[in-house]
Every structure is written in structure tokens, then in C-alpha cells.
């Protein structure tokens with residue numbers, strides 16, 4: 001190949017710890033390792049002290065990141081497209097952030113194909129998204145639910161199921177002695193350790209989890225279990241978690257907060273130390289923390305919503321933890337998203353599941369976890385993730401081209417009345 005394929009990405013900053021940022025980084029680095037691509041990225045969704053272009057030491061000119069506010073705007077995208085002449089435009093996150101981008105799709109798609117890595121949490125079928133799907137060349141979907149939505153709402157739009165992945169060489173099981181040592185050094189001894197790794201935001205149900213965990217402790221004993229929460233306890237989008245533990249009297253190690261950024265390797269060690277990873281969000285597009293947990297061989301307790309359903313079971317009767325069916329599905333919405341289900345769990349169902357997992361023998365929990373590890377390697381394999389993106393980009397570039405070679409797109413349609 002004489003020239004590398006140039007891809008322009010728009011997403012959370014690829015070096016940020018968010019799920020969107022992490023998956024963007026995974027995709028970009030996997031493609032760069034092939035030697036066939038160059039990337040320039042808009043890195044958004046965080047406040048930037050410096051808006052100058054950034055390069056990584058490893059990739060140099062093959063990957064340049066421009067810090068931006070939000071996800072950019074039409075003029076910034078126009079400028080990047082015409083100055084850098086990419087072959088593909090790739091963007092990711094919730095579609096409500098990209099209405100402005102689809103508004104100029106007739107300008108962009110004339111020159112380059114648009115590939116959208118789609119995040120959507122739930123039914124009912126969002127027919128209001130149909131114009132956005134039709135304004136995209138290819139929609140790659142993070143979950144089976146999302147793929148079903150796109151195929152149903154806009155069957156004329158090309159789409160694929162391309163779930164997230166984690167690096168199984170980093171997120172991997174420890175040996176039993178190494179795990180026990182790590183746990184003992186942190187003063188957790190033989191406690192039942194539950195881990196929660198999410199943003200402290202409303203839909204994540206962080207406050208609910210602490211309140212219900214207190215009731216779980218009331219049943220089994222406050223010295224028998226610990227909940228570790230890796231999050232910002234004062235996040236403006238969530239609750240004051242410190243205030244909650246003081247209100248409930250959980251200040252003697254029952255709930256521990258981890259607030260500093262840690263390496264992926266250290267995070268994997270925490271998953272290994274835990275007996276269980278919990279995610280009870282009322283809406284969850286995918287749920288990266290639970291996949292990381294399963295990859296480490298630690299079972300999960302999740303709400304059967306969004307992409308969490310793809311992880312906790314293989315659909316053939318094998319489970320890798322406990323999946324709880326929502327007890328209610330409230331229709332909520334906003335001016336941008338007129339309707340979507342919000343899946344809420346019943347407290348008693350949660351407590352029953354916690355007791356069941358607590359009363360399992362370590363061998364029984366290990367069996368769930370080892371099954372989860374095998375499942376992640378089969379379905380959410382990192383090499384498979386990389387190969388899928390490579391094959392998709394290569395096909396799009398070969399079939400649809402860009403600029404002078406652009407095919408497969410007509411910026412108008414003829415209707416007969």
C-alpha cells in the first residue's frame with residue numbers, strides 16, 4: 001500500500017478514562033499497529049487546559065489529537081475535512097450530541113464516507129433517529145439491542161454488530177495466592193468484596209446501591225462485606241456519596257472510595273480481588289466495567305438492560321453472574337430524546353441476588369467467573385475487535401473511496417409524485 005488510509009475521529013478524548021474514550025483509543029491503536037492507517041482526532045467531552053494539537057510518543061505524526069470543547073462544531077469539521085482530506089469520518093457516542101454533524105452530511109459525504117459507532121440504551125424503537133441513521137454510510141452497533149434498533153428503524157442503512165472489547169492480556173485472572181496477597185495487604189482479609197466502577201451519575205444508581213448495600217450488611221453482618229466504589233464522590237452529575245455513607249453510618253470500612261486515576265494493570269488487580277462486580281444502571285449502552293470484570297474472571301451482578309444483557313449470559317443457558325430483570329420500565333425523555341425506557345430494579349430482587357452470591361462457595365463463584373473469562377475471549381475478543389474494524393475500514397475505503405474516487409453516495413434523490 002503506497003499511502004495510508006486517513007481517518008478523522010470525533011469522540012470523547014481518546015486518552016480520557018470514559019468508556020467512549022477508552023474504546024476510541026483501543027480502536028485507533030489497534031489500527032495503527034497494522035501500519036495501514038493515520039488518524040487525526042477531535043478529543044472532546046472534557047475541559048482542556050491547552051488546546052494545542054497533541055501527539056503521542058509512540059505514534060508521532062500518525063496520530064494527532066486536537067482538544068476541543070464538546071464534540072466540535074460544523075466549521076471546525078469543515079476545516080479539518082478540507083485541510084487534511086481524510087478517507088473516512090468516524091464518530092462515536094450518543095446521537096443527541098451529533099445533530100449538528102448530520103445537518104451537514106450532504107457536504108461531508110460528498111467527499112468521505114461517514115461511519116458512526118452507535119451508542120443507544122433501550123427500546124422503544126427510536127423512530128426519531130431514522131433521519132440520522134439514513135444520513136450515515138455505516139452504523140456499527142455496540143450491542144445486539146442497538147443493532148436490532150438500527151435494522152428495524154432504518155433497514156436501508158448498512159449496519160453491523162461490533163461490540164466493545166478489552167485487552168485480555170491486561171484484564172486477566174491472577175493466581176489464587178497472588179489474589180489473596182493483594183486482598184490481605186489492603187486489610188480486607190476474608191471479607192466478601194463487591195466492586196463498583198462507574199461514573200457517579202444519576203442513571204448509574206450510585207446512591208441506590210449504597211442504600212441497598214446497607215440493607216445487605218444488616219442481614220449478613222457489617223463486618224462480613226465491603227463495597228469498593230471507584231468513582232468521583234462529588235461528581236456534579238451524581239450524588240454526594242460521602243454524605244450518604246455518613247447518613248447511613250457506613251464509615252467503618254463498609255464502603256470504601258477509590259477516587260484517584262489508576263493504571264489498567266492496577267484496575268485489573270482490583271477486579272481480581274473482588275468477589276463480585278456490580279452494575280445496576282437504569283440505562284447502560286454497554287457497560288465496560290462489567291466486561292473488564294468478566295475478563296479478569298470475576299462474576300457480575302447486573303440489570304438486564306442495554307449491552308449488559310450481552311455480557312452476563314451467552315443466551316444458551318450459561319450465566320456468568322446474575323442478571324436481574326427490571327421490575328418497571330418507565331418511559332422518560334427530553335426535547336432531544338422524546339421517549340426511551342428507564343429500567344428500574346426491585347430492591348428485594350437485588351438483595352436476594354446478593355445473598356445468593358454471598359452464600360456461594362468460592363469455588364462456585366470461581367466457576368461463574370471462569371465461564372465469564374471464556375465468554376469474553378469468544379465473543380468480546382480483542383483481536384476479533386481489531387480485525388472487525390480493519391476489515392470494515394478496508395472494505396469501505398475500497399468500495400466507496402473518497403474525494404476523487406468517492407462512490408456510493410448521491411447528495412440528492414428523485415421522487416415521483
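Remarks
- Residue 387 satisfies every condition listed in (1) over 20 Å from the mean Cα position of the chain (by Cα); (2) surrounded by fewer than 17 Cβ atoms within 10 Å (Cβ to Cβ); (3) in the same structural domain as residue 81 (by TED's automatic domain parsing) except (1).
- Of the residues making up the range 281-332, those that are at positive phi and in a loop (DSSP other than H, G, I, E, B) number 5.
- Flag if residue 214 is closer than 20 Å to residue 359 by Cα, touching a residue at least 60 places away in the same chain (Cβ under 8 Å) and not in a loop (DSSP other than H, G, I, E, B): no
- Residues within the range 86-97 that are more than 14 Å from residue 8 (Cβ to Cβ) and surrounded by 14 or more Cβ atoms within 10 Å (Cβ to Cβ), tallied: 4
- Scanning the range 292-308 for residues that are within 28 Å of residue 123 (Cβ to Cβ) and in contact with a strand residue (DSSP E or B) (Cβ under 9 Å, 6 or more places away or on another chain) yields 292, 293, 294, 299, 300, 301, 302, 303, 304, 305, 306, 308.
- Residue that is nearest to residue 169 (Cα to Cα), among those in the range 251-272 that are out of contact with any helix residue (DSSP H, G or I) (no Cβ under 7 Å at 6 or more places or on another chain) and part of a loop (DSSP other than H, G, I, E, B): 263
- Selection within the range 151-167 - assigned to a loop (DSSP other than H, G, I, E, B), surrounded by fewer than 18 Cβ atoms within 10 Å (Cβ to Cβ) and in contact (Cβ under 8 Å) with a residue 40 or more places away in the chain: 167
- Condition check for residue 117: touching a helix residue (DSSP H, G or I) at 6+ places or on another chain (Cβ under 8 Å), assigned by TED's automatic domain parsing to the domain that holds residue 155 and in a loop (DSSP other than H, G, I, E, B): no
- Among the residues examined, residue 61 does not qualify as surrounded by 15 or more Cβ atoms within 10 Å (Cβ to Cβ) and either in a strand (DSSP E or B) or at pLDDT below 95 (or both).
- Within the range 347-359, residues that are assigned by TED's automatic domain parsing to the domain that holds residue 280 reach partners that are part of a helix (DSSP H, G or I) and surrounded by 15 or more Cβ atoms within 10 Å (Cβ to Cβ) with beta carbons closer than 7 Å, at six or more positions or on different chains, in the pairs 347/212; 350/212; 351/212; 351/216; 354/216; 357/365.
- Residue 257 meets the conditions (1) surrounded by fewer than 19 Cβ atoms within 10 Å (Cβ to Cβ); (2) modelled with pLDDT of 95 or more; (3) under 26 Å from residue 180 (Cβ atoms); (4) out of contact with any strand residue (DSSP E or B) (no Cβ under 7 Å at 6 or more places or on another chain) in every case but one. The failed one is (4).
- With respect to the conditions (1) in a loop (DSSP other than H, G, I, E, B); (2) over 30 Å from residue 236 (Cα atoms); (3) out of contact with any strand residue (DSSP E or B) (no Cβ under 7 Å at 6 or more places or on another chain); (4) at pLDDT 90 or above, residue 106 falls short on a single one, namely (1).
- Scanning the range 127-142 for residues that are surrounded by fewer than 23 Cβ atoms within 10 Å (Cβ to Cβ), part of a loop (DSSP other than H, G, I, E, B) and either assigned by TED's automatic domain parsing to the domain that holds residue 328 or in contact with a strand residue (DSSP E or B) (Cβ under 7 Å, 6 or more places away or on another chain) (or both) returns a single hit, 137.
- Residue match in the range 333-345 (condition: at pLDDT below 95 and either assigned to a strand (DSSP E or B) or in contact with a strand residue (DSSP E or B) (Cβ under 7 Å, 6 or more places away or on another chain) (or both)): yes
- Look at (1) out of contact with any helix residue (DSSP H, G or I) (no Cβ under 9 Å at 6 or more places or on another chain); (2) at pLDDT 95 or above; (3) over 29 Å from residue 174 (Cβ atoms) and you find that residue 202 fails only one, number (2).
The values are calculated or read from the model by the stated rules, or taken from the named source; none is laboratory data. Predicted model, so just to flag it, every value in this text is computed and none were measured. Every residue, glycine among them, receives a Cβ derived from its backbone with ideal geometry; neighbour counts consider all protein chains shown.
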